[in-house]
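Below is one structure, written out as structure tokens; the observations come after it.
The values are calculated or read from the model by the stated rules, or taken from the named source; none is laboratory data. Since we're looking at a predicted model, the values are computed, not measured. Cβ coordinates were reconstructed from backbone atoms using ideal geometry, including for glycine residues, and neighbour counts include every protein chain displayed.
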Amino acid sequence: MSPSAPTVGRQQRVERGQRPEDDPRRRYTANLQGEVDSAALYRTLAQTEKNPQLAQVYGRLAAIEEAHAEYWKDHIAAIHQNVPKLRPGFRTRALAWLARRFGPAFVLPTVDTLEHLDSGTYDAQPEAVAGGLPAAERSHARIIEALAAGAPGALSGSTLARLEGRHRGMGGNALRAAVLGANDGLVSNLSLVMGVAGADLAPHAILITGLAGLMAGACSMALGEWLSVNTARESSERQIATEADELEQVPEEEKEELSLIYQAKGLPEDLAKSLAERLIANKKTALDTLVREELGIDPDELGGSPWGAATASFALFSLGAIFPVAPYFTFAGASAVIASLAASGVALFLIGAGTTLFTGRSVWFSGARQLLVGFVAAGVTFSLGKLIGVTVTG
């Protein structure tokens, strides 16, 4: 991963009207920071990966990134500048903590996204091209993409792996789904609380409304997630049953399908047919292979547990939704509104900062943007509530 740090640094220099090549020290330092981040993250993945072969892959990637870091240190020294002692940035430390807590598979889709965002970082830098770094970074991106595509679901079989069905299309990333699930609860309940606060309801009425909004939204999200996962699971089971019936009724056709699948993957025709012949001899193995290769379904997972997904969705929505309403347990009037906005503002900024784990943008930019969007929504509903309150009482 050559990381987000070079990309962000380059964007900042462009914003100031300075071309990257005008300041080689800053560019070299930004590149060095990126390699330090990458090496640290891959070392963590190597240490936490339970599969020895994958751990070795991560270890080799870390070693390459460490060599790249030395390359940029040499360039900084060559222009008679002090080589800075850099430590991993916020994004890298956060991803490393999540990898240690939940395992490498949890962060792998995010790492894959960042790799692709940054795979072209070195293309326009002559020093990097001379050192062969662009090709190495693109190679890393392909390796991580292959690992992400073949990795089991993050937190396989648990609640976080299958939560938030409407967010799963974004890279299959449980981390992304968790952040967006909490954001849904926060923004929707903040808007609701500010709307009734604008209507100048009594503090206890606002508290009840906020708690009702929390429960209603969380139950709706949980039910929707349960339905989504359960429907997907039943559909997969039906497809597997159909495949099993076809394997029983027309085994020769299924063998031909397997052969064609392996030929499409690049195996020679004779080898593909031989492999299909061996697989079809064992009905259980043949069915498992056909389901995985032809249907793209993991028969051991089938979309995860609907109840686990519903529970996770409920918890994440509630986590976000509690911030706007919690101050009303203690405060009233303008003090409660200010406290609600303050608590929600902190949560909005943190959620925005959390999105940088898979967008590669600046923490301050993403946090401020999320804060602005959330407060605009709250302002709109507060104004609408004020208007309705004046109209009704008038």
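Out of region 207-238, which residues are surrounded by 15 or more Cβ atoms within 10 Å (Cβ to Cβ) and either of a type in the set (D, E, K, R) or over 30 Å from Ala197 (Cα atoms) (or both)? Across region 207-238, the qualifying residues are Glu225, Trp226, Ser228, Val229, Asn230, Ala232, Arg233, Ser236. For region 160-192, a residue qualifies if it is among the small types (Gly, Ala, Ser), over 12 Å from Gly354 (Cα atoms) and at pLDDT below 85, and the qualifying residues are Ala161, Gly165, Gly169, Gly171, Gly172, Ala174. Selection over region 116-132 of residues that are of a type outside the set (Ser, Thr, Tyr) and either within 22 Å of Asn51 (Cα to Cα) or assigned to a loop (DSSP other than H, G, I, E, B) (or both) gives a count of 6.
All of (1) more than 30 Å from Ala334 (Cα to Cα); (2) surrounded by 15 or more Cβ atoms within 10 Å (Cβ to Cβ) hold for Leu201 with one exception: (1). Entry remark, region 338-355: residues being modelled with pLDDT of 95 or more and either in contact with a strand residue (DSSP E or B) (Cβ under 7 Å, 6 or more places away or on another chain) or of a type in the set (A, V, I, L, M, F, W, C) (or both) number 9 in total. Can we say Ala244 is over 30 Å from Thr311 (Cβ atoms), surrounded by 19 or more Cβ atoms within 10 Å (Cβ to Cβ) and among the hydrophobic types (A, V, I, L, M, F, W, C)? Answer is no for this residue. Does Ala148 meet the test of being crowded, with 18+ Cβ neighbours inside 10 Å, in contact (Cβ under 8 Å) with a residue 24 or more places away in the chain, more than 21 Å from the chain's Cα centre (by Cα) and outside any loop (DSSP other than H, G, I, E, B)? Answer is no for this residue.
Of the numbered criteria (1) part of a helix (DSSP H, G or I); (2) surrounded by fewer than 16 Cβ atoms within 10 Å (Cβ to Cβ); (3) not charged (D, E, K, R), the one Gly266 fails is (1).
On the given criteria, is Ala332 crowded, with 18+ Cβ neighbours inside 10 Å, touching a Pro at 6+ places or on another chain (Cβ under 6 Å) and in the same structural domain as Ala205 (by TED's automatic domain parsing)? When the stated conditions are applied, Ala332 does not pass them. As a summary of the residue check, Leu302 satisfies the conditions (1) in contact with a Leu (Cβ under 6 Å, 6 or more places away or on another chain); (2) touching a residue at least 24 places away in the same chain (Cβ under 8 Å) except for the one numbered (1). Taking every residue in region 67-90 that is exposed (fewer than 12 other Cβ atoms within 10 Å of the Cβ) and pairing it with any residue that is not in a loop (DSSP other than H, G, I, E, B), at least 6 positions away or on another chain, the pairs with Cβ-Cβ distances below 7 Å are Ile79/Pro24; Ile79/Arg25. Among the conditions (1) buried (at least 22 other Cβ atoms within 10 Å of the Cβ); (2) under 19 Å from the mean Cα position of the chain (by Cα); (3) free of Cβ contacts under 8 Å to residues at least 60 places away in the same chain, Ser366 misses just one, which is (1).
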